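A short reminder: the numbers here are calculations on the coordinates, not readings from a lab. What you see is a predicted model; the values in this text were computed from it and never measured. For neighbour counting, all protein chains shown are included, and Cβ atoms are generated from backbone atoms with ideal geometry for every residue, glycine included.
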Amino acid sequence: MNIVLSGIRPTGNLHLGNYFGAVKNFVKMQEENQCFFFIADYHSLTTHPTPADLHGNVKQVLVEYLAAGLDPEKATLYVQSDVPEIAELYLFLNMNAYLGELERVTTFKEKARKQPDNVNAGLLTYPSLMAADILIHRSHQVPVGKDQEQHLEMSRTFARRFNRMYDVEYFPIPQAYNFGADLVKIPGLDGSGKMGKSEGEGNAIFLIDDAKTIRKKVMKAVTDTGPTALNQAKPDMIENLFSLLKVVSTPEAVQYFDDQYNQCTIRYGDLKKQLAEDMIVFTEPIRQRILDLAADEAYISKVARMGAEKARESAAKTIREVREIIGFRHF
Ligand code: TYM
């Protein structure tokens, strides 16, 4: 059975980048694979060490997972901190993770630059915790966006290293996965290239945003003064708007604005209006489900408890076997 796993940090609401980069694949994959989707609350402490409402943030992501189409009867949905076996595997992996390779990770360097007063050991060892997440269920495929590619490469390194050092073929080598072949990067609205929850106000469209908020954010998106020559190449900020249009609009709408651009007759205001309305059509039913589910405390608790139980069963088996392989014995 193909085992699929992925996770999201509870540091904000889910946005279209999370959806089209990751969650859309989760929804498809849960139909035919053994899937584990979790909320990476341990990871969130690497950047948000003293969250005001950690439990509330975790609950919100769980609600948004469900609203986006994850089915707790098909996939195992759980909270990372409900499965302490992950922390134990993280410890074992850290014994064979080297300072040099951890320091070279791009996201580590970026985060160290962004939070110079908090370059903590969790940030440095983020890739070994992520590898523990993946390896704890001996996963084969990991649906993620392009920004996680390097972390996945590290997970493969740690899996191979474990197998080699202990002379076993225990961990499968996990592969990054996207249905459309290449990993996806959804751009933000501020021209900076990536939609992200920490990229600043107005950059991200959240699944929970109402129509008015979406219209406002999209109308504010950065553009240039327009093309001046026929068929000229699009600058990044315009290319970004087209990339967003491609994920929420029809191919005809994309073609229409592309033609207009190529003929230098494009009105960015019209393109933005179309983009905003198509985003609203996409997000509105999800937003409604988020609001409904958030009110159903009993159901959310049931889903989390059921997920924790299933995830722990699988994790405990791996930890038992890993301890055996390394040589730990009970007296
Ligand atoms: P996180 O919480 O930053 O993002 C969750 C998922 O959303 C994807 N994503 C995007 N995809 C395309 N375009 C974007 N603009 C965009 N923004 C976010 C991410 O690629 C990710 O798939 N380290 C992970 C969480 C994690 C994890 C794991 C993932 C922890 N352990 C084990 C997979 C397996 C993270 O910070 O994702």
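Table for the structure above
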item: Net length gained if the chain between Arg320 and Ala52 were fully extended (0.36 nm per residue, minus Cα distance); result: 92.9 nm
item: Once the Cα gyration tensor of the chain is diagonalised, semi-axes √(5λ) in Å; result: 38, 22, 18
item: Whole-Å distance, taken between Cα centres, linking region 303-331 and region 212-254; result: 48
item: From phi via Karplus (6.51, -1.76, 1.60), per-residue ³J(HN,Hα) for region 162-175 in Hz, x at Gly/Pro; result: 4, 4, 6, 5, 9, 6, 9, 10, 8, 8, x, 8, x, 10
item: Sites matching GluC sites (Glu not before Pro) across region 29-78 that sit in DSSP coil, with at most 11 neighbouring C-beta atoms within 10 Å; result: Glu31, Glu32, Glu73
item: In order through region 116-125: 3J(HN,Hα) via Karplus (6.51 cos²θ - 1.76 cosθ + 1.60), integer Hz, x for Gly, Pro; result: x, 8, 9, 8, 8, 5, x, 5, 5, 9
item: Difference of contour (0.36 nm per residue) and Cα-Cα distance, Arg305 to His330; result: 6.1 nm
item: Per-pair calculated FRET efficiency, R0 = 35 Å: Ala112 and Gln175 via Cβ, rounded to 0.05; result: 0.80
item: Across Lys24/Lys317; Lys194/Lys217; Lys146/Lys234, pairs whose alpha-carbon gap is larger than 19 Å; result: Lys24/Lys317; Lys146/Lys234
item: For the chain, calculated [θ]222 nm from helices alone, where every DSSP H run of n ≥ 4 adds -39500 (n - 2.57); result: -16000 deg cm²/dmol
item: Packing rank of 231-237, 16-22, 325-331, 311-317, where each peptide gets the mean count of other beta carbons within 10 Å, highest leading; result: 16-22, 311-317, 231-237, 325-331
item: Distant-in-sequence amide H partners of Phe38 (H built 1.01 Å from N, under 5 Å); result: Ser6, Gly7, Ile8, Tyr78
item: Reach of Lys109 by Cα under 13 Å, taken over aspartates and glutamates that are not fewer than 8 positions away in the same chain; result: Glu101
item: Region 197-291 - convex hull of alpha carbons, volume per residue in Å³; result: 92
item: Karplus-derived HN-Hα couplings along region 258-272 (A = 6.51, B = -1.76, C = 1.60, θ = phi - 60°), whole Hz, x at Gly and Pro; result: 5, 4, 4, 5, 5, 8, 6, 10, 5, 10, 4, x, 5, 4, 5
